[in-house]
Amino acid sequence: MSKSKISTFQFFSMLFLTRLLTTFTYIPSYTKDIELSDLVVQAVLRYLICVVMMIPVYFLFKRNPDMNILDIVRNKWAKGGKILAVFYSAVLFYFTVTTVSRLDLFTGTIVFPETNVNYFLVFVILIGCYGAYLGIEALGRSAVLSVIPVTAALVFIIATLIGKIDFLNYTPVFYKGVLPVFKTALNAAGRTVELVMITLAIPVASGKKTKSFFIWIFLQALVTASLFFVEVGVMGNFTNTQLFPVHSLAALAKFSMFGRLDPIITGIWILCAFLKVSFLLYLQGDILHKEFENLSKKTILAGLGALSSVICLYIAGSVQRFTVVDNSLAKLIATALTATVIPAVMLVLNRRKKYE
Amino acid sequence: MNKIIVAVVVIFAILFSFGGSEIYKNDISNRLIIQGIGIDKEDDGGYTVTLQAINTSTYSASVQESGSEETVKIYKVHGDTVYTAIKSVVSFEGKIPLYSQNRVIVIGKATALGGIEGVIDFFARDAHNGPSVYVALAENRADEILEAKNSGEVIADSIDDTIEAAQYNTGIFKLELYELVNRYRDSEACFAMPVLSLEEAEGQKIVQIKETALFCNAKLKSTLNGDETSMLNFLCGRVYNGEFSYKTDENEKVAMSIVNCNVYRTVKILDGTPHYTVKIKLSTDVAEIYNGIEKSLDRQRLEELSQYAENYLKTESEKLLSKLYEGEVCDAPGYSRLIFQKYPSVYRDNEENLNALMAKSRYSVEVEVKIRRVGHEFVKTL
C-alpha cells in the first residue's frame, strides 16, 4: 500500500461522497420488487448488512493495522498476492466502468438528452486519471472541501421538500413480504464498492478508524433513509416512473428565486463522480504498480483510462448493454468476495497459524 | 503561462465535452421554447397538439420597438401520438422543441372523455418535461384556450399564475404532472384537475378557472363547482391560505380568512364497513361581516361565528363526500389509501373494485374553527 497518509475524516468524507453518488443515481429497477415505503426500510437494512460484511475486515485489521488485504495475503503467499492484486484491480475496474456508464446514462438522458455525450464521458475518465495521479492526499483534501457544501445542499433540498410530503403516498411496510426487502437491501449492499475500498485502503487513514466507520455508516444510512422518505412522501408512485428519481425530486424543490434545485443535484453528482472515479483509479494504479514495478503509475493510469474509455464508449451506445453490465448479482458476488470472503479466509488462516 | 494554457485547454475541453459535435442542437436560436401544450383528440384517432412558443425574434430591439410581432407563436400540429405531432413542428419551423420551459399541459374535453393515459406517458418519460408542470382540462377544446389573445400576454404564463394561486385560493384545485402520474398507483386512477374556460370581456377572451374536473379510471367523469372545490381542498388537506364565507341564521354574510389549516384523516373498519373520520382544524381571521358593522364581537358572538363556520364546513364537506363516494364514486381525495395503509389485507381483497368499497363506507367530518384575529373590532368593543 502507498505510504501516503490521510486522516480518517478525509478518508470517510471521500467514501461518503462516493456512496452518495450511488444513492443519487439509483435506478428504480433495482427496487422493483418492493413497495415504496420499503425503500426507506431497506436503506437502513443495507447498511446493517454492510456492517456484518465488514466483521472479518475488522478482526483482520485489528491484528494488522498497517497492512491492507493484499499485504496480508502477500505475507502468506507471494504468488497468491499477485493473483489477488489482479483480481481486486479487476473488481475496481468493473466498478469504475459501471460508475462512468451510469453517469453517461444520466447525462445522456437528463442533462443533454439530444446530444452525443461521448466526449463528456472520456473527459470524466481523463480528469479521473488526473485526480488519481495527484494521489490520495489531494483526493482527501478535495473530499473534505466538497463534503460540507454537498451536505448543506442536500439538507437544503430535503428541507424545501418536507412541506410537499403527502402521507397517503406511504405504503404498509413489508407489504410484499420481508424477503423482497432483504433481497433488495442485500443487492444494494453488494453495490457498495466502498467496502472494497476500505479493505484495500483503510491503512492509509490515520485516526480512530472503527469509530469513524460507524459514524460513516450511521450518516450514510440517515441520509439515504431521509432522502427516500422524502422522495416517497413527495412523489409517491411517480418515483417508479423515473429513471433517476432523485433528480426528479430535486426538480420539485423550489425555494424563493430558485425556480428549481435540480442543477444543484447535477453539480453534486458530477463532483461525486469525479471523486469516485479518481479514487477507484487511484486504488487500481496503486495495486498494479506494486505488483508490476517496471510499469510507472502514469503508464498504468493511462492504460486504465484508455481501456475504461473504450469499454464505456461501447456501453454508452446502448442502454441494453448497460443493463447487462450493471448487474446486481455480479456486483454482490464481487463485493462479497473482495470485502468479506477473502478477508474471512485470511482471518481463519492467520488464526490457525497462531494456534499452531 | 503554462497554467493559463492548461486552464484554457481544460475549459474548451469541458465546453466541447458538454456539447460535442452536436453543440448546435443546444443553441437557443435553434430551439422552439414551448410555454404551453394543448392536446385534442380527433375523430381519426390522432391528436391535434397546439404549441404555444416564445417568439424569440421579438427579442431584437427593432422588432420590440415596432411592436410588429406577437410575443408568442401558436403552432397546431397533427399526429398519431402526442410525440409525433409535436416533433412534426420541426418540418415547417426548422427548430427543435424545447419543453423545459413548458408551464402547462391543457387537455381537451374529447381527450379527457376518452381517457388521458395515452397522452401522459410522453410527458412523464421526456427528461425535459419538468415534473411540476401544471395539468388542466379545457372546457371544450384545448386549442381554443392556447389560441386566446389576451393583451399580448402569454396565455400559458397567465394560466400558470392562475393555477399557482391555488395556494391562496381554496376554490382552485391544482394538479402537477407528478401528482397526476402518482394517482395511477391505484387501479381506479381517480384524480381532480382545474377546468379552464374562455370568457369574453371587453372584446378580449380571458382564460379563467371555471370549475374542477373529476376523473375516474383516467376518464372525465364529472365536475365540481367553486364551493365544492374548496371542500375538496379541505378534505385533501391542501388548504394553506385563502378564505371561505357562510351565512348566519340572521342572514349575515361572514367571510373568514384562513391562517392555518390541519386535516387529520383516519379510518376504522367496523363490521366489514370502513368508517372514515376527517378532522379539520382551522385557525381563521374574521375578514368581513356583511351587515355586521353595528354589532360588537364579544365572546359569545365570536363563539357563535366559529360555530356557524364549523357547521358550514361540516355540512358542505359531508355533502361533497356523499357526492364523491355515493354519487360519482370517485376517490379524488385518495381515501382508499388509508385502508391500504391501515388494513392492507382488506385493500388487497378489494383492490380490483375499490370504488365499491368506498361507496359502502361511512364518512363523518369534525370541524374545529378558532378565530385568531378580528381586525380592528376590539377598538369598538372596548
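The values are calculated or read from the model by the stated rules, or taken from the named source; none is laboratory data. Bear in mind the structure is a predicted one, so any value in this text is a computation, not a measurement. Cβ sites come from the backbone with ideal geometry, for glycine too, and all protein chains shown count toward neighbours.
Given B:E316, B:E252, which one is modelled with pLDDT under 90 and either within 14 Å of chain A (Cβ to nearest Cβ) or out of contact with any Asp or Glu (no Cβ under 6 Å at 6 or more places or on another chain) (or both)? Quick ask: steps written out before the conclusion?
Numbers: B:E316 fails: modelled with pLDDT under 90.
Within the list B:E316, B:E252, the selection yields B:E252.
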>> Can you say whether A:G128 is in contact (Cβ under 8 Å) with a residue 24 or more places away in the chain, closer than 23 Å to A:V196 by Cα and either in contact with a strand residue (DSSP E or B) (Cβ under 7 Å, 6 or more places away or on another chain) or buried (at least 23 other Cβ atoms within 10 Å of the Cβ) (or both), as far as the supplied structure shows?
In response: yes
> Somewhere in segment A:106-117, is a residue outside any loop (DSSP other than H, G, I, E, B), surrounded by fewer than 21 Cβ atoms within 10 Å (Cβ to Cβ), within 12 Å of chain B (Cβ to nearest Cβ) and not β-branched (V, I, T)?
Replying inline: yes
> Filtering segment B:105-131 down to residues that are free of Cβ contacts under 8 Å to residues at least 40 places away in the same chain and part of a helix (DSSP H, G or I), which residue is farthest from the other protein chains (Cβ to nearest Cβ)?
Replying inline: B:G118
> Out of curiosity, is B:T229 of a type in the set (S, T, N, Q), under 30 Å from B:L357 (Cβ atoms) and either without any contact (Cβ under 8 Å) to a residue 40 or more places away in the chain or in the same structural domain as B:R337 (by TED's automatic domain parsing) (or both)?
Replying inline: no
> Is there a residue being part of a helix (DSSP H, G or I) and exposed (fewer than 15 other Cβ atoms within 10 Å of the Cβ) anywhere in segment A:60-68?
Replying inline: yes
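Could you tell me how many of the residues in segment A:17-35 are within 12 Å of A:P180 (Cα to Cα) and hydrophobic (A, V, I, L, M, F, W, C)?
From segment A:17-35, those within 12 Å of A:P180 (Cα to Cα) are A:30-35; that's our starting set.
When the remaining residues are screened for being hydrophobic (A, V, I, L, M, F, W, C), the result is A:34.
Adding up the residues that qualify gives 1.
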> Which condition number does B:M231 fail, the rest of (1) of a type outside the set (V, I, T); (2) within 14 Å of chain A (Cβ to nearest Cβ); (3) surrounded by 17 or more Cβ atoms within 10 Å (Cβ to Cβ); (4) under 30 Å from B:Q307 (Cβ atoms) being met?
Replying inline: (2)
>> Condition first: touching a strand residue (DSSP E or B) at 6+ places or on another chain (Cβ under 6 Å), over 17 Å from B:G114 (Cβ atoms) and of a type outside the set (D, E). Now tell me which residues in segment B:191-222 satisfy that.
In response: B:A192, B:P194, B:L196, B:S197, B:L198, B:K205, B:I206, B:V207, B:Q208, B:I209, B:K210, B:T212
> Only one of (1) of a type outside the set (A, V, I, L, M); (2) more than 25 Å from A:F238 (Cα to Cα); (3) modelled with pLDDT of 85 or more; (4) not in a loop (DSSP other than H, G, I, E, B) is not met by B:S158, so which one is it?
Replying inline: (3)
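For A:V122, state whether it is at the interface with chain B (Cβ under 8 Å from one of its Cβ atoms), touching a Ser or Thr at 6+ places or on another chain (Cβ under 6 Å) and not aromatic (F, W, Y). Can you show your working first?
On the way: at the interface with chain B (Cβ under 8 Å from one of its Cβ atoms): yes; touching a Ser or Thr at 6+ places or on another chain (Cβ under 6 Å): yes; not aromatic (F, W, Y): yes.
In short, yes.
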>> Out of A:S206, A:S248, I need the residue that is more than 18 Å from the chain's Cα centre (by Cα), among the small types (G, A, S) and closer than 30 Å to A:S309 by Cα. Which one?
In response: A:S248
> Can you name every residue in segment B:193-223 that is among the hydrophobic types (A, V, I, L, M, F, W, C) and either under 23 Å from B:S132 (Cα atoms) or outside the structural domain of B:R183 (by TED's automatic domain parsing) (or both)?
Replying inline: B:M193, B:V195, B:L196, B:V207, B:I209, B:A213, B:L214, B:F215, B:C216, B:A218, B:L220
> Are there any strands (runs of 3 or more DSSP E) wholly within segment B:163-228 with 1 or more residues that are under 20 Å from A:I165 (Cα atoms), and if so which?
Replying inline: B:191-201
>> So, in segment A:86-117, how many residues would count as being of a type outside the set (S, T, N, Q) and farther than 18 Å from A:K331 by Cα?
In response: 10
>> Checking the condition buried (at least 21 other Cβ atoms within 10 Å of the Cβ) and over 25 Å from B:N225 (Cα atoms), which residue from B:G118, B:G130 passes?
In response: B:G130
>> Would you confirm, using the coordinates I've provided, whether A:L48 is out of contact with any Gly (no Cβ under 7 Å at 6 or more places or on another chain), farther than 20 Å from A:F11 by Cα, in a helix (DSSP H, G or I) and at pLDDT 95 or above?
In response: yes
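Can you name the residue in segment B:168-185 that is more than 11 Å from every other protein chain (Cβ to nearest Cβ) and not aliphatic (A, V, I, L, M) and is also farthest from B:D331 (Cα to Cα) among such residues? Step through it out loud before you land on a result.
The initial filter retains those residues of segment B:168-185 that are more than 11 Å from every other protein chain (Cβ to nearest Cβ), namely B:168-175.
From what's left, not aliphatic (A, V, I, L, M): B:168-171, B:173-174.
Details: B:Y168: 24, B:N169: 22, B:T170: 19, B:G171: 19, B:F173: 15, B:K174: 16 Å.
The selected residue is B:Y168.
Of the residues B:Y178, B:Y134, B:Y168, which single one is in contact (Cβ under 8 Å) with a residue 12 or more places away in the chain and under 26 Å from A:E35 (Cβ atoms)? Before you say what the answer is, go through the steps one by one.
Values: B:Y134 fails: under 26 Å from A:E35 (Cβ atoms); B:Y168 fails: under 26 Å from A:E35 (Cβ atoms).
Only one candidate passes the filter, namely B:Y178.
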> Which of (1) assigned to a strand (DSSP E or B); (2) modelled with pLDDT under 95 is the odd one out, the single condition B:T277 does not satisfy?
Replying inline: (2)
> Pairs under 8 Å by beta carbon, first residue surrounded by 23 or more Cβ atoms within 10 Å (Cβ to Cβ) in segment A:12-28, partner of a type in the set (D, E), six or more apart or different chains?
Replying inline: A:L15/A:E194; A:T18/A:E194; A:R19/A:E194
> Restricting attention to segment A:147-170, does a residue exist that is surrounded by fewer than 18 Cβ atoms within 10 Å (Cβ to Cβ) and within 30 Å of A:V91 (Cβ to Cβ)?
Replying inline: yes
